[in-house]
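Taking it in order: structure first as structure tokens, then the write-up.
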Amino acid sequence: MNSYQWIWQYVRIYWKRLIVCLMFILANAGLIIINPLLSGKIVDDVIGKNQLGKLIPILLLMIVITFVRTIFRYSYQIIFESVGQDSLYKLRSDLYKKLQELDFDFFNNTRVGDIMARMTGDTDAIRHFVSWVVYNIIECILWFVIAIGVMTTINWKLMLALVAITPLIFLLTQHMARQAHPIFYEIRESFSRLNSMVEENISGNRVVKAFAREDYEIEKFNHHNDDYKKWNIVSANVSKKHLPVLDSLASVLTVTTMVYGGFLTIKGEMTLGDLVAFNSYLWMLNQPMRMSGWLINDVQRFNASSIKIRQMLATKPKIPVAERKINPTIQGYVEFQNVSFHYSDDPDTYILKDINLSIKPGQTIGILGETGSGKSTMVNLIARFYDPTAGRVLIDGVDAKDWPVRELRDHIAMVMQDVFLFSDTIEDNIAFGTTIDNQDYVRQMAEVADANSFIERMPEGYQTIVGERGVGLSGGQKQRISLARALAKDPAVLILDDTTSAVDMETESKIQTELDKITTKKTTFVIAHRVSSVREADEIIVLSHGKIIERGTHQTLLAKRGYYFDIFQKQLGVEVGQGGLTDGT
């Protein structure tokens, strides 16, 4: 399927409107024929034969025809624009729906700026093609064919002299198209890189300012900007090389008509009125020739844009998301059976190796380990953000791969390490994952997360709109709102990924006390770097290089005097002797 067949899938829905447009275009093209012939009548009959009585009727007829043509052309231009906008609406909806279906693997390997370029610049190039380029191509072809036909009936010799030039125009436009296609693809790629750089810089503006790297970022932007400008200049140079020649060839038609047409008129092979009418049709040959270069550029821009969009729409998620069919009840049994995992782009580096773990509903599992040990990856497998490379993750005794993804995730809530809040009210952020429309419930969850007190001190309370990604809130405040959001979902499985790292010890203690009251029936995973966050867990596992190196309760792990023991001593500043704990400070 080529790009034209692909876009037709979106346009054909509006075939009734397109038929009306085609009728208007044909009617407009038919009416175009009349006025030049009437001009010839004025010269031959009114001026040449002094039939002055014909002048007013002919002029009135020309005015009426021009007015009707204007209505027809305006109408199909508006209708084509509406078809383009409606097609673009459907295309953008499909793109956004596809974004929701795609898994972590896609976003790990695709720049945000590239996605934004597809959703904005590329889609607009497609709208422009449907709304403007298509009817202009149809017009140009119709005008060219009609002009040749009518001008041949006026004088075939003069018409043949003009048609002899057209093969050269065809060859020139083909050459221009071949040169323009790869250039527009490069323009599109350069714009994507520029978009990515700007998006990243805006998101990281605080880091840039903190390190006083504004000049460096400006220089980096200028590099991408120069590249984008370079490819646009290359495109302009292609147009510069071809468009003047096309314009010149169009002008040659006028010169040929005047010279050879004047000669034929002098010889008596055509009247002066015929020459005037013939010359009036010239614009119907000139306009397509002059427009051909611009239309080729727009067509190639459409082709370059549609390639990227079609690639995205054709991307298949490794973890398919099916439509909701059932609403199962998940108890929260979670089991890892010989689970190993590596990312698809790095098959030689295993993030997890031979993980075996069994958790019952109501149990709390603490997970510790150095950075990069696989803690977050392990819990990502539970929510099926990735599938294990080997082994199985069972949820209530069923392989996670056999659960419908959305139904599975409906019963899992995760407070991620990278806290994200929407640019919305605090209340809507907390209620994001729940269908319960109750302010008291939202407030209750905020109290559990120890967020209610600082929220109520804000100017608008729970109706305060937080900035993009939670800008304006401290790290601890964002973590607590994120925790309240997860709790409001009332999940069977609760995953806390370094949730209290940005809060003080006293606040952490309050949160843990409140959590203990509401998680008695929930399977809870707590990833942490602080021993204080996991010491009350039913079981604690320690990961190192993707393997479980220690497991047990807080007391049993201290007795082993291993990795956990060392962390405990370093963090709490205590010495553990044979008889118990001794203040080491």
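No lab work stands behind these numbers, since they all come straight from the coordinates. Predicted model, so just to flag it, every value in this text is computed and none were measured. Positions of Cβ are generated from backbone atoms using ideal geometry, with glycine treated the same way; all protein chains shown enter the neighbour counts.
I'd like to know which of Leu37, Phe72, Leu55 lies farthest towards the positive end of the charge dipole of segment 1-107, counting +1 on Cβ of Lys and Arg and -1 on Cβ of Asp and Glu.
Leu55
Among Val259, Tyr564, Gly332, whose Cα projects farthest towards the positive end of the dipole of the chain, with charges put on the beta-carbon of Lys, Arg (+1) and Asp, Glu (-1)?
Checked the options; the winner is Val259.
Using Cα centres only, tell me the gap between segment 186-233 and segment 522-538 in whole Å.
42
Measuring from centroid to centroid over Cα atoms, what is the spacing of segment 293-309 and segment 332-391 in Å?
45
Using +1 on the beta carbon of Lys and Arg, -1 on that of Asp and Glu, and nothing else charged, what's the dipole of segment 3-314 about the Cα centre, debye to 20?
540
Is the C-alpha gyration tensor of segment 137-201 telling us rounded, prolate or oblate? Criteria: a/c under 1.5 is rounded; beyond that, a/b larger than b/c is prolate, otherwise oblate.
Taking the square roots of the gyration eigenvalues as a ≥ b ≥ c, segment 137-201 is prolate.
Is there a quick way to get the dipole size of the chain? I mean about its Cα centre, with the Cβ of Lys and Arg at +1 and of Asp and Glu at -1; what is the value in debye to the nearest 20?
Dipole about the Cα centre, nearest 20: 2480 debye.
Semi-axes of segment 302-410's equivalent ellipsoid from the Cα gyration tensor, sqrt of 5 times each eigenvalue, largest first, rounded to whole Å?
Sorted largest first and rounded, they come to 29, 21, 11 Å.
Give the residue list of chymotrypsin sites (Phe, Trp or Tyr not before Pro) in segment 244-345 that are DSSP loop and have at most 16 other beta-carbon atoms within 10 angstrom. All intermediate terms of the calculation are to be shown ahead of the outcome.
On the way: sites: Tyr260, Phe263, Phe278, Tyr281, Trp283, Trp294, Phe302, Tyr333, Phe336, Phe341, Tyr343; in loops: Tyr281, Tyr333, Tyr343.
Filter output for segment 244-345: Tyr343.
Defining a contact as two alpha carbons under 8 Å apart and six or more residues distant in sequence, what relative contact order in percent does segment 419-490 show?
Relative contact order comes out at 54 percent.
When the Cα centres of segment 409-468 and segment 14-40 are compared, how far apart do they sit, in Å?
60
Compactness ratio of segment 47-205: Cα Rg over 2.2 N^0.38 Å, N = residue count?
1.66
Give me the dipole magnitude in Debye, nearest 20, for segment 419-490 about the Cα centre, with unit charges on the beta carbon: positive for Lys and Arg, negative for Asp and Glu.
300
If you wrap a convex hull around the C-alpha atoms of segment 3-314 and split its volume per residue, what is the figure in Å³? Walk me through the numbers on the way to the answer.
Values: hull volume 49.6 nm³, N = 312.
Enclosed volume per residue, from the Cα hull, is 159 Å³.
Below 8 Å between Cα atoms, with a sequence gap of 6+, how large is the relative contact order for segment 386-514 in percent?
The normalised contact order for segment 386-514 reaches 35 percent.
With equal scatterers on the alpha carbons only and no solvent term, can you work out the Debye log10 of I(q)/I(0) for segment 331-386 at 0.16, 0.24 1/Å?
Ignoring solvent entirely, the Cα scatterers give -0.52, -1.10.
Using the Cα atoms of segment 227-366 to build a convex hull, what is its mean projected area in square nanometres? Don't skip to the answer; put the middle values down first.
Details: hull surface 78.7 nm².
One quarter of the hull surface, i.e. the mean projection, equals 19.7 nm².
Kirkwood Rh and Cα-based Rg: tell me the resulting Rg over Rh for segment 419-490, rounded to two decimals.
Numbers: Rg = 10.5 Å, Rh = 11.6 Å.
A ratio of 0.91.
Of Lys510, Lys241, how do they rank once you tally other Cβ atoms within 10 Å and put the fewest first? Write down the numbers at each step before the final one.
Working: Lys510 16, Lys241 13.
Ascending number of Cβ neighbours within 10 Å: Lys241, Lys510.
Tell me the Kirkwood radius of segment 202-295: reciprocal of the mean inverse pair distance over distinct alpha-carbon atoms, in Å.
17.9
Per the Debye formula with a single identical scatterer at each Cα and no solvent contribution, what log10 I(q)/I(0) holds for the chain at q = 0.06, 0.07, 0.11, 0.13 Å⁻¹?
Cα-only, vacuum Debye calculation for the chain: -0.53, -0.65, -1.11, -1.37.
What relative contact order, as a whole-number percentage, does the chain give when Cα pairs under 8 Å and 6 or more residues apart are counted?
14
So what are the three principal axis dimensions of segment 450-489 from its Cα atoms, in whole Å, longest to shortest?
That works out to 25, 19, 16 Å along the principal axes.
Output needed for segment 475-542: three equivalent-ellipsoid semi-axes, defined as square roots of 5 times the C-alpha gyration tensor eigenvalues, in descending order, whole Å.
The answer is 16, 16, 11 Å, longest axis first.
Can you list the lysines whose alpha carbon is less than 27 Å from that of Lys230, not counting same-chain residues fewer than 8 positions off?
Within reach: Lys220, Lys240, Lys241, Lys308.
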